Amino acid sequence: MTSLDAAVDALRRGLVVAIPTDTVYGIAVDPFVAGATDRLFEAKHRPKDVRLPVLVDDVAQAERLALVDDRARALMARFWPGGLTIIVRRRSEIDIVLGNGAGAPTVGVRCPDHDVPRGLCAEVGPLATTSANLHGEATPATAAEVRELFGDAVAVVVDGGRCEGEPSTVVDCTEPVPKLVREGTVPWSDVLGVVG
């Protein structure tokens, strides 16, 4: 069994996996499996009021989770796959737990520019993901360091070599004027060039 097969199997069982991305190593779960996001919050020591973003394979997968308006679609067309997380309104019929206020009407979605997470999303579905660090601490750059940090809390670590990029830029598109939540890989000025 390859590490990707093992990761697919673990995700389907609601377990936490560590994956390389185009920014940093992440830890991920299938948010549609009961209890899976609880395991992720526990592994990371992340407060549950800090909601989890979701990785998707493509725009179509994002549209199954969320209401994608023209502004969000323009950002996706320009910056996906890549380092931009876009907060949009979640579809009311989608019931996933991404943190406290499970019924919160929004979801942050990102399509990474990396074959591993996109392949897993294509196979399993959207993945609730966060950087592979303890909350508030630095993110290890190698799979071995991620394995050492999390131990048994992570079922599978997919080795993608060194991952040392900046985190994604996060933009909130739920209000009339897009708002910068965090500047990362994509400069805010570039975002404003599309939706400003």
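Figures for the structure shown
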{"item": "Hits in the stretch 1-40 - residues which are hydroxyl-bearing (Ser, Thr, Tyr) and out of contact with any Leu (no Cβ under 9 Å at 6 or more places or on another chain)", "result": "THR2, SER3, THR23, TYR25"}
{"item": "GLU42 being assigned to a loop (DSSP other than H, G, I, E, B), charged (D, E, K, R), surrounded by fewer than 23 Cβ atoms within 10 Å (Cβ to Cβ) and over 15 Å from the mean Cα position of the chain (by Cα)", "result": "no"}
{"item": "First in the stretch 143-162 and closer than 17 Å to LEU120 by Cβ, second anywhere and of a type in the set (Gly, Ala, Ser) and part of a loop (DSSP other than H, G, I, E, B), Cβ under 6 Å, 6 or more apart", "result": "VAL146/ALA132"}
{"item": "When residues of the stretch 68-89 are limited to those that are of a type in the set (Gly, Ala, Ser) and under 15 Å from GLY196 (Cα atoms), the one nearest to the chain's Cα centre (by Cα)", "result": "ALA72"}
{"item": "Tally, over the stretch 153-196, of residues that are assigned to a strand (DSSP E or B), under 18 Å from THR21 (Cβ atoms) and either touching a Gly at 6+ places or on another chain (Cβ under 7 Å) or not aliphatic (A, V, I, L, M) (or both)", "result": "3"}
{"item": "Qualifying residue in the stretch 78-100 (condition: within 22 Å of GLY35 (Cα to Cα), loosely packed, with under 13 Cβ neighbours inside 10 Å and in contact with a Lys or Arg (Cβ under 8 Å, 6 or more places away or on another chain))", "result": "yes"}
{"item": "The listed residue being among the small types (Gly, Ala, Ser), in contact with a Phe, Trp or Tyr (Cβ under 8 Å, 6 or more places away or on another chain) and either modelled with pLDDT of 95 or more or closer than 15 Å to CYS121 by Cα (or both), out of ALA6, ALA36, ALA43, ALA10", "result": "ALA43"}
{"item": "Residue in the stretch 94-142 that is farthest from THR174 (Cα to Cα), counting only those that are assigned to a strand (DSSP E or B) and not hydrophobic (A, V, I, L, M, F, W, C)", "result": "SER131"}
{"item": "Extreme residue, nearest to GLU175 (Cα to Cα), among residues of the stretch 53-66 that are surrounded by 15 or more Cβ atoms within 10 Å (Cβ to Cβ) and touching a Lys or Arg at 6+ places or on another chain (Cβ under 8 Å)", "result": "ALA66"}
{"item": "Only one of VAL24, VAL50 that is assigned to a loop (DSSP other than H, G, I, E, B) and surrounded by fewer than 18 Cβ atoms within 10 Å (Cβ to Cβ)", "result": "VAL50"}
{"item": "Number of the exception - GLY184 against (1) surrounded by 16 or more Cβ atoms within 10 Å (Cβ to Cβ); (2) closer than 16 Å to ALA66 by Cα; (3) small (Gly, Ala, Ser)", "result": "(2)"}
{"item": "Within the stretch 114-143, tally of residues that are among the charged types (D, E, K, R) and buried (at least 16 other Cβ atoms within 10 Å of the Cβ)", "result": "1"}
{"item": "Filtered residues of the stretch 75-95 (kept if touching a residue at least 60 places away in the same chain (Cβ under 8 Å) and under 22 Å from PRO167 (Cβ atoms))", "result": "LEU75, ARG78, PHE79, GLY82, GLY83, LEU84, THR85, ILE86, ILE87, VAL88"}
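The values are calculated or read from the model by the stated rules, or taken from the named source; none is laboratory data. Note that the structure is a prediction, hence the values are computed from the model and not measured. FYI the Cβ positions are ideal-geometry reconstructions off the backbone, even for glycines, and counts take in every protein chain you see.
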